[in-house]
1. Taking amide H atoms as placed 1.01 Å from N in the peptide plane, list the residues 5 or more away in sequence, or in a different chain, whose amide H sits under 5 Å from that of Ile18.
2. Quick check: pseudo-label points 7 Å beyond the Cα along Cα→Cβ at Lys170 and Glu120, how many nm apart are they?
3. Could you state how much accessible area Ser72 has, in square angstrom rounded to the nearest 10, with a 1.4 Å probe and all protein chains kept in place?
4. Please work out the average accessible area per residue across the stretch 1-108, using the 1.4 Å probe convention, and give it in Å².
5. Have a look at His86, Asn48, His198 and report the one farthest towards the positive end of the charge dipole of the chain, computed about the Cα centre with Cβ charges (Lys/Arg +1, Asp/Glu -1).
6. For the Cα atoms of the chain, what angle does the longest principal axis make with the long axis of helix 170-182, in degrees from 0 to 90, nearest 10?
7. Pull out the extension gain between Lys105 and Tyr90, defined as 0.36 nm times the separation in residues minus the alpha carbon to alpha carbon distance; nm, one decimal.
8. Please list 3J(HN,Hα) in residue order for the stretch 189-203, calculated via the Karplus relation 6.51 cos²θ - 1.76 cosθ + 1.60 where θ = phi - 60°; whole Hz, with x for glycine and proline.
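The values are calculated or read from the model by the stated rules, or taken from the named source; none is laboratory data. Predicted model only: the values in this text are computed from it and were never measured. Neighbour counts run over all protein chains shown; Cβ positions are idealised from the backbone, glycine included. Areas reflect the complete protein model, heavy atoms only, side chains present, ligands, DNA and RNA absent. Shrake-Rupley method; radii C 1.70, N 1.55, O 1.52, S 1.80 Å.
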Amino acid sequence: MNAQLLLTSVQKCYGNKIGLELKKLALWPGRLYILTGPNGSGKSTLLNILALLTKPERGELMYAGERITWKSRELSLLRKKVTLMHQSPYLFAGTVSDNVAFGLKARGVSGEELRRSVAESLAMVGLDSFEERNVTQLSGGEARRVALARALAAKPELLLLDEPLAHVDKESAEVIEKLIASLPARGTTVVMSTHDQHQNDRLGGEMIQLHGGRLEQPFGLVDNLDTSECKVNGAPLCPALKMHIA
Ligand code: ADP
Ligand code: MG
């Protein structure tokens, strides 16, 4: 099976400072990854690369076994499969429904299909009756749920969430957590960043820990390696050794 997304020897610099440096990171289809690390550790940089919004200076990305060439035609196809929800998502003026429908309309979805997709996405975030509500009448947590509904409406294969629970009220946080936990079983690969070290205890995902732009302790990443490269004299390395290579 191919990784949904595989990063090899990726480096992203800001001026002469390294923002991110990863030897290898594989995201497998239908799994949940919790990306943790202190402020400035490279979480948002990594998410922007995974979302194909930032091209790293070095390294290679493969999507479902195909090398990404960063050509605009290819990117526009891939960006239909990969969606990033930013840490402070922007809702434009109008109704909740307008916002959730936005990406769908851009893809040519209309009529009954559009109406149904919007309703389904809002139901997933527990805002069924909010379709005609103006976005100025939403709480911070509700606005985040609308942004999440908009991201889900596109039915991405890979959903990237940058701190989706930061500054969110308890009720919205519970809805969002529950939804995120349910997505892998629906076939969506999810990477969510958080600076809450205990997030993983509640969501049961695999941890990707960053520190200073590098993978820290590759806990849970044993199978995150391309095992074909983890061989000594043709014999695969034991899991404990593999962990040190990541
Ligand atoms: P996190 O999301 O974990 O807080 P970031 O990916 O935002 O971390 O940042 C990683 C490092 O790169 C930090 O040191 C940050 O200051 C730096 N950085 C991020 N974006 C930029 C930028 N646009 N220009 C310069 N430095 C940046
Ligand atoms: Mg960040």
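1. Sorted by chain and number, the residues that satisfy this come to none at all.
2. 3.4
3. The value for Ser72 is about 100 Å².
4. Spelled out: the 1.4 Å probe surface of the stretch 1-108, per residue, equals 50 Å².
5. Value computed over the given set: Asn48.
6. Between the helix axis and the principal axis of the chain, the angle is about 60 degrees.
7. Length gained, Lys105 through Tyr90: 3.6 nm.
8. Computed from phi, the couplings for the stretch 189-203 are 7, 10, 10, 10, 9, 7, 9, 8, 4, 9, 3, 5, 4, 7, 9 Hz.
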